[in-house]
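The values are calculated or read from the model by the stated rules, or taken from the named source; none is laboratory data. Bear in mind the structure is a predicted one, so any value in this text is a computation, not a measurement. Cβ placement follows ideal geometry from the backbone for every residue including glycine, while neighbour counts extend to all protein chains displayed.
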Amino acid sequence: MFNPYVPIPVTVDKIITEVETKDIKTFRLTFQNKEDENRFQYLPGQFAELSLFGQGESPIGIASSPTQPGYLEFTVQKAGVVTSALHDLEVGAQMGVRGPLGNHWPIDYLEGKQIVIVGGGFAFTTLRSLINYMLDEKNRARFGRIMVVYGARMPGLLLYKDELAAWAKRDDIDLHITVDKGDADWQGKVGFVPMVCREASPCAENSVAVICGPPIMVRLTLPLFYELGFAEENIFTSLEMRMKCGIGKCGRCNIGSKYICKDGPVFSLKEVHSLSPEF
Amino acid sequence: MEKRLIKKAALPGLIGRLSTAATVYGPVKESDYVIFRLLRSGEEPLTDYANSRNAPKQFFFPPREELLRYTRSGRDLTLALADEAIGEAVLFGVRPCDAHSFVLLDMLFDQEKYRDPHYIERREKTTVITMACAHPPYTTCFCTAVDGAPADREGADILLTDLGEDYLAEFLTTKGERLLPHFGDLPAAEATASDRQAAVAAQAASEIQSAPPAKKIKPILDQNFEHKFWDTIHGKCLKCGTCTYLCPTCHCFDISDETKGENGARVRNWDSCMFPLFTKAASGHNPRPSQKERWRQRVMHKFKYYVDNFGAISCVGCGRCVQLCPVNIDIRKIISDIAEL
């Protein structure tokens, strides 16, 4: 019988410090066994339990795209016991990964539609996975126009800066990068994400919005999307709760009768509103 | 289905003998309590007891269980499966409420997509001998309010019912029938034994004194996640978790690493929704910030969410949480109050 509690052995292949504050790093992990790599079939939006032996596990969204085979990437903020230990690792360290877990962004539903992606701060990770997935040359034709609004508090807190620069050079993605407060070197937009969304005013017709960010950003952005005519079933987000098992058994990550780990983390706003007022 | 008679006086000896040949867990007296535990070889269990303090779910879902072992030396990491061998076992003297809990736990641990190999292997290798309650042992019993009964067959491989001089032994499953040879030469039950069993079962059910309207509250819970009633339960709760640790259906667990030197084990331990840390995130945010939300979760989980997900109430009416809550919070009263909202 498949044992879902046993992590897959991986090696830390690359560590990128993403932000000036140095508390968010991207870890590139490679599989130690080829068969594990073949078995780890995932889609953007899914997560995995990062497993450090002696510290425990932490559920983190997968930031790489399945169109980039050979490795997995996770962008992790240093917060608790496991993530702090992870931040102390060096290239070459061995650790474990359990997954892929949870559901994914609704790729099939997004196909043939205009896509609006709205991300804030450090919640951009699985959105980055989705963007890279859609921009892949084998996939790009399956999706309509792609608009991305991504904001951070300060320029130094934007993730994936090289990738953002590369996307900016493409003509098949409409990129709006913004910061709450600029600095001397910042040439780009200054303004909160909801405000930039209003400027961009994406058309709701045949469009789907995928929104992920800090609660305050989501709360202020949603009314605008309703105003623009997006229906609840055409807005998707990803939820977070404390987790342990990741497979709907340990009993702590439910909102109403749904387990975020197993039934989510991706839900449409329509589903979110039906879960329970706990959210 | 085989139906045999076992002389009442002979039963403890038969189980004692079985415990020399097999791993048998059963009810025994330990200081002031009846507890369910492994019988020593030849040890005879109680056959005349109310119910055990601990719920026998612990033999499928132990309070502490190793999931895997690891060794770290320098940069090297070696993983190994937990080396505990799970063998065949017999649970003797499970009360019907507790046997019912096994069926409810199966729904969770043996789901189509994520099967829990630890639970399932123990469950598959264990034969359950249920002892029907000829008379409900406690005034706090309410199995009949939650789809159970004092002589219920659900979850049992063998059901024993006290018919006065004898026990009627019904070998309900293949697993149960495999134990038949261990009981020696048992006489077949006469045709009237089944009628007598049914009469004992009906009489026992009629003696249940508590009847909280547990099956009526689901539609009320559907509508009342926000209600001032939720402010009224938790005031005296001590957050001790006794209710959840005694509960035959509570299944929440924590996973943590225990390391000594280079070696360690990843362990799962029972956890409780009554504890503040249960849902507290590394950020400091806690979506269930007070005991009010935790109590609401406990009630909703048992009487709404489990029904939503599996079509069954996750309470078997054993009454342990009622008897042993140090501040007398009574789930029966909570159910009755919700029915009046």
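Things to note:
- Applying the condition of being in contact with a Gly (Cβ under 9 Å, 6 or more places away or on another chain) and not in a strand (DSSP E or B) to the range B:76-101 and asking which residue is farthest from the other protein chains (Cβ to nearest Cβ) yields B:Pro96.
- Residue list for the range B:107-127, restricted to those being assigned to a strand (DSSP E or B) and touching a residue at least 40 places away in the same chain (Cβ under 8 Å): B:Thr126, B:Thr127
- Candidates B:Ala50, B:Ala55, filtered to the one that is surrounded by 16 or more Cβ atoms within 10 Å (Cβ to Cβ) and among the aliphatic types (A, V, I, L, M): B:Ala55
Residue by residue, here is whether (1) loosely packed, with under 15 Cβ neighbours inside 10 Å; (2) of a type in the set (Asp, Glu); (3) within 18 Å of A:Thr67 (Cα to Cα) holds:
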| site | (1), (2), (3) |
| --- | --- |
| A:Gln94 | no, no, no |
| A:Asp108 | yes, yes, yes |
| A:Gly112 | yes, no, no |
| A:Thr125 | no, no, yes |
| A:Phe143 | no, no, yes |
| A:Ala152 | no, no, no |
| A:Leu157 | no, no, no |
| A:Ala166 | yes, no, yes |
| A:Asp172 | yes, yes, yes |
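- Restricting B:Gly155, B:Gly148, B:Gly164 to those that are part of a loop (DSSP other than H, G, I, E, B) and modelled with pLDDT under 95 reduces the list to B:Gly164.
- In the range B:166-212, the residues that are touching a helix residue (DSSP H, G or I) at 6+ places or on another chain (Cβ under 6 Å) and aliphatic (A, V, I, L, M): B:Leu168, B:Ala205, B:Ile208, B:Ala211
- The residues of the range A:78-98 that are over 16 Å from B:Arg266 (Cβ atoms) and within 13 Å of chain B (Cβ to nearest Cβ), listed by number, are A:Lys78, A:Ala79, A:Gly80, A:Thr83, A:Ser84, A:Leu86, A:His87, A:Leu89, A:Glu90, A:Val91, A:Gly92, A:Ala93.
- Of all residues in the range B:282-294 being among the charged types (D, E, K, R) and facing another protein chain (nearest Cβ under 9 Å), the one that is nearest to B:His234 (Cα to Cα): B:Glu293
- Within the range B:135-148, no residue that is free of Cβ contacts under 8 Å to residues at least 40 places away in the same chain sits with its Cβ atom under 6 Å from a residue that is crowded, with 24+ Cβ neighbours inside 10 Å at 6+ positions apart or across chains.
- Within the range B:1-40, tally of residues that are among the charged types (D, E, K, R) and touching a Leu at 6+ places or on another chain (Cβ under 7 Å): 4
- Sole exception among (1) modelled with pLDDT of 95 or more; (2) in contact with an Asp or Glu (Cβ under 6 Å, 6 or more places away or on another chain); (3) within 12 Å of chain A (Cβ to nearest Cβ) for B:Thr71, by number: (1)
- Residue in the range A:99-107 that is at pLDDT below 95 and hydrophobic (A, V, I, L, M, F, W, C) present: no
- Members of the range A:99-125 found to be within 13 Å of another protein chain (Cβ to nearest Cβ) and of a type in the set (Phe, Trp, Tyr), listed by number: A:Phe122
- Subset of the range B:44-75 (residues that are touching a helix residue (DSSP H, G or I) at 6+ places or on another chain (Cβ under 6 Å) and free of Cβ contacts under 8 Å to residues at least 60 places away in the same chain): B:Glu44, B:Pro45
- Tally of residues being over 29 Å from B:His182 (Cα atoms) and at the interface with chain A (Cβ under 8 Å from one of its Cβ atoms) across the range B:107-144: 7
- The strands (runs of 3 or more DSSP E) found wholly in the range A:196-279 include none carrying at least 3 residues that are more than 14 Å from every other protein chain (Cβ to nearest Cβ) and aromatic (Phe, Trp, Tyr).
- Within the range B:295-338, considering residues that are within 16 Å of B:Lys239 (Cβ to Cβ) and within 11 Å of chain A (Cβ to nearest Cβ), the one surrounded by the fewest Cβ atoms within 10 Å (Cβ to Cβ): B:Gln297
- Screening B:Thr244 with (1) of a type in the set (S, T, N, Q); (2) within 12 Å of chain A (Cβ to nearest Cβ); (3) under 24 Å from the mean Cα position of the chain (by Cα); (4) over 27 Å from B:Gly311 (Cβ atoms) gives one miss only, at (4).
- Considering residues of the range B:261-274 that are at the interface with chain A (Cβ under 10 Å from one of its Cβ atoms) and without any contact (Cβ under 8 Å) to a residue 60 or more places away in the chain only, the residue farthest from B:Pro62 (Cα to Cα): B:Cys273
- All conditions in (1) in a strand (DSSP E or B); (2) aliphatic (A, V, I, L, M); (3) within 10 Å of another protein chain (Cβ to nearest Cβ) hold for A:Met1, with the sole exception of (1).
- Any chance A:Thr26 is surrounded by fewer than 20 Cβ atoms within 10 Å (Cβ to Cβ), touching a residue at least 12 places away in the same chain (Cβ under 8 Å) and either away from chain B (no Cβ under 14 Å) or touching a helix residue (DSSP H, G or I) at 6+ places or on another chain (Cβ under 7 Å) (or both): yes
- Members of the range B:257-285 found to be out of contact with any Ser or Thr (no Cβ under 6 Å at 6 or more places or on another chain) and surrounded by fewer than 16 Cβ atoms within 10 Å (Cβ to Cβ), listed by number: B:Glu258, B:Thr259, B:Lys260, B:Gly261, B:Asn269, B:Pro276, B:Leu277, B:Ala281, B:Ala282, B:Ser283, B:Gly284, B:His285
- Filter result for the condition that a residue is closer than 17 Å to A:Cys261 by Cβ and either facing chain B (nearest Cβ under 9 Å) or in contact with a Lys or Arg (Cβ under 8 Å, 6 or more places away or on another chain) (or both), over A:Glu18, A:Glu49, A:Glu73: A:Glu49
- Among the candidates B:Ser314, B:Ser283, the residue that is at negative phi, in contact with a Phe, Trp or Tyr (Cβ under 6 Å, 6 or more places away or on another chain) and part of a loop (DSSP other than H, G, I, E, B) is uniquely B:Ser314.
- Which numbered condition B:Leu104 fails, given (1) crowded, with 22+ Cβ neighbours inside 10 Å; (2) away from chain A (no Cβ under 14 Å); (3) assigned to a helix (DSSP H, G or I): (2)
- If you check B:Ala134, B:Ala82, B:Ala89 for being surrounded by fewer than 24 Cβ atoms within 10 Å (Cβ to Cβ), in contact with an Asp or Glu (Cβ under 8 Å, 6 or more places away or on another chain) and more than 30 Å from A:Asn254 (Cβ to Cβ), only one passes: B:Ala134.
- Residue that is assigned to a helix (DSSP H, G or I) and of a type outside the set (Lys, Arg), where the choices are B:Val200, B:Val267: B:Val200
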